[in-house]
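See below for the structure under consideration.
The values are calculated or read from the model by the stated rules, or taken from the named source; none is laboratory data. Computed from a predicted model, the values in this text were never measured in an experiment. Note: accessible area is taken over every heavy atom of the protein model, side chains too, but ligands, DNA and RNA are not part of it. Shrake-Rupley method; radii C 1.70, N 1.55, O 1.52, S 1.80 Å.
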Amino acid sequence: MPTGLPAAHVAVATDDEGWVWAQIKAEARRDAESEPALASYLYSTILSHSSLERSLSFHLGNKLCSSTLLSTLLYDLFLNAFSSDPSLRSAAVADLRAARERDPACVSYSHCLLNYKGFLACQAHRVAHLLWRQSRRPLALALHSRIADVFAVDIHPAARIGKGILFDHATGMVVGETAVIGNNVSILHHVTLGGTGKVGGDRHPKIGDGVLIGAGATILGNIKIGEGAKVGAGSVVLIDVPPQTTAVGNPARLVGGKETPSKHEDVPGESMDHTSFISEWSDYII
């Protein structure tokens, strides 16, 4: 499938993919030597494969299979998708980098590839979304159901997601059918990007590039969370949040006030700064 990118960009993406895959294999070899109990597992999931897409397809197939949805069928499905669409591979690499760079608990690329259910759910969703766009909707919905069952992450296959995504912990995430998530976004566990009722049509949030959404936040309706904005943990957001601002509370309010909200210079989705707003917003003390 054409990527629409200049050849030079495709070459850079390919080089980046090769570097990350080499790192993953080196980490797997090191871990197999230091922990022999994992040697067979690491060989079957990483070291026996010739490429990142083959390793990822094998791992996802084994994670998501059931007694009636066989791992061999899923492996072929994932491998065909990743092999035919370079944008899926570049997104996976960007997501691996996001986890490694933003999450201090992520000790290696191989750790993310094998163990981060937010990463795995996101890659499986990308394939479900591809199937949805190809009008293979029963299969897309079946895959969506398995992702929700196995990873406790519920993303409708029609939802559009950018790259450089970190779903940190990820448990309990819900993303509705018409939701859009931009690039370099970080979202923590128990976040809902939902609708406001049973009305159809375009009814879910649009999350701009570089946004950070804290744990347990609920964002409802066809509203926009502007580029580089921050939504505090536990907040309930029902109206637009301007770019580079912070919304906190239930119902959410802008730090600094509605008329002249405080603006930050960093990219929260990359800096993962959850609490710097507190000194200017609250007199909370212990």
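A few remarks follow.
- Rounded tilt (10° steps) of 117-133 against the dominant C-alpha axis of the chain: 90
- Per residue accessible area of the chain, 1.4 Å probe, in Å²: 47
- Taking the longest Cα principal axis of the chain as reference, the axis of helix 52-64 is set at about 80 degrees.
- Gaussian network model of the chain, springs between alpha carbon atoms under 10 Å - residue of 66, 110, 235 with greatest fluctuation: 66
- Size descriptors for region 159-285, from the alpha-carbon set: Rg then Dmax equal 13.4, 44 Å.
- Value of [θ]222 nm, deg cm²/dmol, for the chain, DSSP H segments ≥ 4, -39500 (n - 2.57) each, nearest 500: -13500 deg cm²/dmol
- Size descriptors for region 14-152, from the alpha-carbon set: Rg then Dmax equal 14.6, 47 Å.
- Computed over the chain with a Gaussian network model linking Cα atoms closer than 10 Å, the most mobile of 247, 229, 26 is 26.
- Element breakdown for the chain at a 1.4 angstrom probe: carbon and sulfur atoms account for 55% of the accessible area.
- DSSP beta bridges confined to the chain are antiparallel in about 5 percent of cases.
- Principal-axis tilt of helix 137-151 within the chain, Cα atoms, nearest 10 degrees: 80
- For residue 174, the solvent-accessible surface with a 1.4 Å probe is about 60 Å², rounded to the nearest 10.
- A full extension of the chain between residue 23 and residue 71 corresponds to an added length of 14.7 nm, given 0.36 nm per residue minus the alpha carbon distance.
- Sequence-ordered 3J(HN,Hα) estimates for region 209-217 from the Karplus curve with 6.51, -1.76 and 1.60 and θ = phi - 60° stand at 4, x, 7, 10, 10, x, 4, x, 6 Hz, glycine and proline given as x.
- 19 Å Cα-Cα reach of residue 198 towards lysines, excluding residues that sit fewer than 8 places from it in its own chain: 206
- The chain: translational diffusion in µm²/s, Stokes-Einstein, Kirkwood Rh over Cα pairs, 20 °C, 1.002 mPa s: 109
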